[in-house]
Amino acid sequence: MSEGSYIQGAGDDSEGWAHGLTPPVFWEHKSTLAATGEEDLPELIVELVEEHRKQDGRQQATLITPTRNLYISPTDPQLNGGGTYDLVIDCNGNPEASEGNSKRLNLGCGVSKLGSRDLRKHLHQVLAFTSSQLESNPSQSMLVTCESGKDLSAGALLAILCLCYDDEGKYPYVQSQSGHANHATGNFAGSHAKNKIDKQFIRQRLAWIVSSKHDVNPSRATLQSVNAFLMERPDY
């Protein structure tokens, strides 16, 4: 079907455009729209527009491969709060703004070296939040942000990758003998149960982030904070 073809009840329907139908959404789904009855069009249009909005949001963040659900980006109020991602960690966000929201964690880190030191203090929260959320549904998407999208967010992701993901980039939920993740002792589901965390291991995980987002450049202070947190944990 050419772009000049006429589709009755869809593209020419002012009510359809009133429901948020845009030309990109229309042409991408023209066959589906043409095959849908007029009474069902409003609901379909709402669904298609919402899915298109989520796709646009994901294109603004970078997927950290080989994982399928971890993303990194600069802090963007529209992206962070738009519901595109199931979970959000904002390294610089005001902690009070995320209170009562189980799907969001704002760390309140400062900037520069102060921010790196702040991050170390909050990494326990980052790991507890990640583990508690993903143990029930490991497929949930998680966006980690900071002001630049290159420093603190990369540090937080590095800790998550080292402690919560295996060598294939998967979140392997590991139960304790009681059947629950042991957050109190730091027994987060993840690779550290099988791998010794040393500088080489940390560099390997950092390479996942850098190869996925080439402009990532965590500061020396941030890397030192994350390394110290990972290598000084009492359960090793």
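Read the figures in this text as sums done on the coordinates, not as results from a lab. The shown structure was predicted, so the numbers you read here are calculated from the model rather than taken from an experiment. Don't worry about glycine lacking a Cβ; one is built from the backbone with ideal geometry, like all the others, and counts go over all protein chains shown.
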Quote to one decimal, in nm, the extra length available between D40 and K113 on full extension: 0.36 nm per residue of separation minus the C-alpha distance between them.
20.8 nm
Cut-off 11 Å between beta-carbons: net charge of the residues surrounding I64, Lys and Arg +1, Asp and Glu -1
+3
Can you list residues from other chains, or at least 5 along the same chain, whose modelled amide H is less than 5 Å from the amide H of I64?
L70, Y71, I72
Please report the net charge: other residues with Cβ closer than 14 Å to the Cβ of N137, K and R +1, D and E -1.
+1
In Hz, Karplus ³J(HN,Hα) per residue of the stretch 31-36 (6.51, -1.76, 1.60; θ = phi - 60°; x = Gly, Pro)
5, 5, 5, 5, 8, 9
Highest mean first, what order results for 138-145, 94-101, 44-51 on Cβ atoms within 10 Å?
138-145, 44-51, 94-101
Would you compute the Debye intensity of the stretch 197-236 from its alpha-carbon atoms alone, equal scatterers and no solvent, and pass along log10 I(q)/I(0) at q = 0.18, 0.26 Å⁻¹ to two decimals?
-0.53, -0.93
